[in-house]
Amino acid sequence: MRRSMLFLPGNNPNMLQNGDILGADAIILDLEDAVSPDEKDAARILVRNAIRTLDYQGCEIIIRINAVDDTGFWKEDLDEVIPLKPDLIMPTKVSGAEYVRQVSRYMEEVERRNGMEPGTVKLIPLIETTLGVENAFEIARSDPRVVAMFLGAEDLTADMRCVRTKEGSEIAYARSRMVSAARAAEIDVYDTPFTDVNDDEGLVADARLAKSLGFSGKASISPRHVSGINQVFSPTEKEIAYAREVLAIIEEAKAQGKGAVSLHGKMIDKPIVTRAQQVLAMAAAIGGGVQA
Amino acid sequence: MKLNRSAAAGTLESSDIYVQAAPGKGQVEIQLESIVYQQFGPSIVETIRSVAEGLGVTDAVISAVDRGALDCTIRARVETALKRAAKEA
């Protein structure tokens, strides 16, 4: 269960050692854009030591690795971190299925070299190019390791040659396409960060939009945004109460041998039951709901 | 591992440690400045020495300025500085 994913720069000890107290469901230890090329070696050693030593209890650990290119940084990243069994690897600038498979094959090499079961570490590809967006469904189904996808709008809008705005109309297509592709492949999907760290209202509005489109959660580049994201992506007490009512009436109908049932004048069909189950599963995972 | 040149790693920011490593004169010599020297100085020096030993470094001058780094950070910065210093000059 992830509502929020917080980026932490991989070469910053102060941020890394506080990663688990910032409230995020997942932390993304960044070896890519947050680290300059001449500090890549230092960052991957620091991140390796951090996940080996620090107790990120209750926090999923995601490592954002460098793009697959001639530098070979991405392989060195995997060599260092895979033996520590992070939950997920986030490959960047993913453009198609073969890109994911290339990363997955090398992960398997490292896993075997370290006596690990192949497939132990999962993948959350970062889609941040127009080609990646167009290939979202094939990326989502490219490899059994892929359990989620993540939209990165900053690089995407640069690739689209347009300006990134707070309203986000320029990424409306990419958002919808990503959600549809991910849901069709039955994986989770995460929205791009809201980059104005001082605009709390804007963050909440952007998170609500992402939730309304079907995203599972949202990433953040600022610890300040984590609680707002968690709040938006948590079920409300009203939603939980309704979900319980739905499941109760379905059980009752089954016991009475009824086919169709209604609640508060509305027909209860399979999608409503599925949504009720999802709400209660999320509530159980976070230990309750939030006020509407 | 043989050191071939001077190299550094880390920063002087809070919770970090700045480590410089250079070829020595037949032994591992460690100089430490730390904001917590009174409480943890000998322990930090021992940590630095154990990282050098783990990498097979027997001949080095290592100087470090500590800003309250955790053990895992100290180990990371020393390892990085030594590996950088071991690259061909």
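The values are calculated or read from the model by the stated rules, or taken from the named source; none is laboratory data. None of these values were measured; they are calculated from a predicted model. Glycine also receives a Cβ, built like all others from the backbone with ideal geometry; neighbour counts cover every protein chain displayed. Remember, those area values only see protein heavy atoms, side chains included, never the ligands or the DNA or RNA. Shrake-Rupley method; radii C 1.70, N 1.55, O 1.52, S 1.80 Å.
Here are some notes:
- Applying a threshold of 7 Å to beta carbon distances and a minimum spacing of six or more residues, or different chains, the list of pairs starting in the stretch A:88-107 at a residue that is surrounded by fewer than 20 Cβ atoms within 10 Å (Cβ to Cβ) and ending at one that is charged (D, E, K, R) and not in a helix (DSSP H, G or I) reads A:ARG101/A:ASP143.
- Of all positions in the stretch A:199-219, at least one carries a residue that is free of Cβ contacts under 8 Å to residues at least 12 places away in the same chain, surrounded by 14 or more Cβ atoms within 10 Å (Cβ to Cβ) and aliphatic (A, V, I, L, M).
- Some residue of the stretch A:177-190 being within 15 Å of A:PHE215 (Cα to Cα), in contact with a Gly (Cβ under 7 Å, 6 or more places away or on another chain) and open to solvent by less than 70 Å² (accessible area, probe 1.4 Å): yes
- Scoring B:GLU79 on the criteria (1) open to solvent by 30 Å² or more (accessible area, probe 1.4 Å); (2) within 9 Å of chain A (Cβ to nearest Cβ); (3) charged (D, E, K, R) leaves a single failure, condition (1).
- Residue satisfying condition, being over 19 Å from A:LEU54 (Cβ atoms) and within 14 Å of another protein chain (Cβ to nearest Cβ), within set B:VAL19, B:VAL28: B:VAL19
- Selection count, the stretch B:18-39, where residues are open to solvent by 30 Å² or more (accessible area, probe 1.4 Å) and either part of a loop (DSSP other than H, G, I, E, B) or modelled with pLDDT under 95 (or both): 8
- Looking across the stretch A:246-273, the residues that are assigned to a helix (DSSP H, G or I), farther than 27 Å from A:ARG2 by Cβ and out of contact with any helix residue (DSSP H, G or I) (no Cβ under 8 Å at 6 or more places or on another chain) come down to A:ALA248, A:ILE249, A:GLU251, A:GLU252, A:ALA253, A:LYS254, A:ALA255.
- Of all residues in the stretch B:8-30, those that are more than 25 Å from A:PRO13 (Cα to Cα) have Cβ atoms under 6 Å from Cβ atoms of residues that are in a strand (DSSP E or B) and among the small types (Gly, Ala, Ser), 6 or more apart or on another chain, in B:GLY24/B:ALA60; B:VAL28/B:ALA60.
- When the stretch B:53-66 is limited to residues that are open to solvent by 40 Å² or more (accessible area, probe 1.4 Å) and in contact with a helix residue (DSSP H, G or I) (Cβ under 9 Å, 6 or more places away or on another chain), the one that is nearest to B:LYS2 (Cα to Cα) turns out to be B:THR58.
- Check on B:SER50, in a helix (DSSP H, G or I), open to solvent by 30 Å² or more (accessible area, probe 1.4 Å), polar (S, T, N, Q) and within 14 Å of chain A (Cβ to nearest Cβ): yes
- Pick from the stretch A:2-41, criterion hydrophobic (A, V, I, L, M, F, W, C) and part of a strand (DSSP E or B), ranking: farthest from the other protein chains (Cβ to nearest Cβ): A:MET5
- A:ARG164, sole failed condition from (1) surrounded by fewer than 19 Cβ atoms within 10 Å (Cβ to Cβ); (2) basic (Lys, Arg); (3) touching a strand residue (DSSP E or B) at 6+ places or on another chain (Cβ under 7 Å): (3)
- For the residues B:ALA8, B:ALA60, B:ALA85, the requirement of being of a type outside the set (Val, Ile, Thr), under 10 Å from the mean Cα position of the chain (by Cα) and within 14 Å of chain A (Cβ to nearest Cβ) singles out B:ALA8.
- Counted residues, the stretch A:27-51 - those being open to solvent by 20 Å² or more (accessible area, probe 1.4 Å), charged (D, E, K, R) and within 17 Å of B:ARG75 (Cα to Cα): 3
- Residues that are farther than 20 Å from A:GLU60 by Cβ and outside any helix (DSSP H, G or I) within the stretch A:91-125 comprise A:LYS93, A:SER95, A:GLY96, A:ASN114, A:GLY115, A:PRO118, listed in sequence order.
- Selection of the stretch A:52-70 for residues being surrounded by fewer than 24 Cβ atoms within 10 Å (Cβ to Cβ) and not in a loop (DSSP other than H, G, I, E, B) yields A:ARG52, A:THR53, A:GLU60, A:ILE61.
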